[in-house]
Every structure is written in structure tokens, then in C-alpha cells.
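Notes follow once the structure below has been shown.
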Amino acid sequence: MFELKYLSERPYHCIISVGVYPATSKNMGKMYLKYRPIFFTNDDIKKMQHAVMLSKDKLFKTSSAEAIDCVGCSELANSLSAVKIGAMANQCTLHHFSSKNCIDENTFDVLIKTAHTSTYTKQLLKDSIIRG
């Protein structure tokens, strides 16, 4: 699904989807937050990695759904799958942010609004894009 990297000193994570208004819109070319942020922690990433290992185990065959259910991260996996499909269908980008503190949801509205005028916040968005 996603190959997320994490650092122990930045345990809080968020994935957002950013869209751009089409040329036919009155807001032509402006970016906007397409989907609300998905918040998770390093522990959630470790669970997802464990689920991937379980699903690839050749000795004890386990389906991806069973592995995700077994480690207790089905809600996160479903949310990430849904946002990935939605972003692809709507030609949006996905962005991953990590922090040493909890990230406020309103932070992303401000980040996207200021990215139109601030080279710093525009670069933050560019650097946070999830490829693939």
C-alpha cells in the first residue's frame, strides 16, 4: 500500500490528500484539502508492517485481510486504502507528515492556503508527497 518511513523522535503521523481546482473553476489552479487528515502513530506503522510480514509468511499462509485483522489495524488500513483510491480517482496528491507532537487538523487547512503565497509551505507540500 504505502511504504511509510518513521523516526522514533517523530511518533505522530498524518496523511492528507490535496486537490487542485480545474481550469473551468472560479478558483482555477488553487490547491485545496480534498479529504480530512488520517492520523496515526509509529505504533500503528509497526502493526501494519507486522501485518505485511504475516501476509507474506509462506509457512503459515495468512491473507492480507486476516493479517490486518489479527494485528488490530483494520480501521487504519481501510482508511488508507480509501484515501489512496479516492486520490487516484480525483487526480489528487497524497502527503505524509510526521511530528514529535500531535498535529492539529486545522494546521493542514492553513498549510494549503498559504502554499499559494509562501515558497516555504509550498516546498513542505512538495517534500511530503507520497510517490507510487
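Quick look at the numbers
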{"quantity": "F60 among the hydrophobic types (A, V, I, L, M, F, W, C), surrounded by fewer than 18 Cβ atoms within 10 Å (Cβ to Cβ) and in a loop (DSSP other than H, G, I, E, B)", "calculated": "yes"}
{"quantity": "Which numbered condition T107 misses (of (1) in contact with a Lys or Arg (Cβ under 9 Å, 6 or more places away or on another chain); (2) under 24 Å from V20 (Cβ atoms); (3) not hydrophobic (A, V, I, L, M, F, W, C))", "calculated": "(1)"}
{"quantity": "Test: residue in the stretch 63-70 that is under 14 Å from the mean Cα position of the chain (by Cα), surrounded by 13 or more Cβ atoms within 10 Å (Cβ to Cβ) and at pLDDT 90 or above", "calculated": "no"}
{"quantity": "Residues that are closer than 15 Å to C102 by Cβ, among the aromatic types (F, W, Y) and either in a helix (DSSP H, G or I) or free of Cβ contacts under 8 Å to residues at least 60 places away in the same chain (or both), drawn from the stretch 1-55", "calculated": "F40"}
{"quantity": "Only listed residue being modelled with pLDDT under 95 and of a type outside the set (V, I, T), chosen from F39, F60", "calculated": "F60"}
{"quantity": "Flag for Y32 being closer than 19 Å to A115 by Cα and of a type in the set (F, W, Y)", "calculated": "yes"}
{"quantity": "Cross-chain or 6+ apart pairs with Cβ under 6 Å, the stretch 77-97 first and under 15 Å from R36 (Cβ atoms), then charged (D, E, K, R)", "calculated": "C92/K34"}
{"quantity": "Test: residue in the stretch 63-86 that is touching a strand residue (DSSP E or B) at 6+ places or on another chain (Cβ under 8 Å) and assigned to a loop (DSSP other than H, G, I, E, B)", "calculated": "no"}
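The values are calculated or read from the model by the stated rules, or taken from the named source; none is laboratory data. If you're wondering where the values come from, they're calculated on a predicted model, not measured in any experiment. Methodologically, a virtual Cβ is constructed for each residue, glycine included, from the backbone with ideal geometry; neighbour enumeration extends over all protein chains shown.
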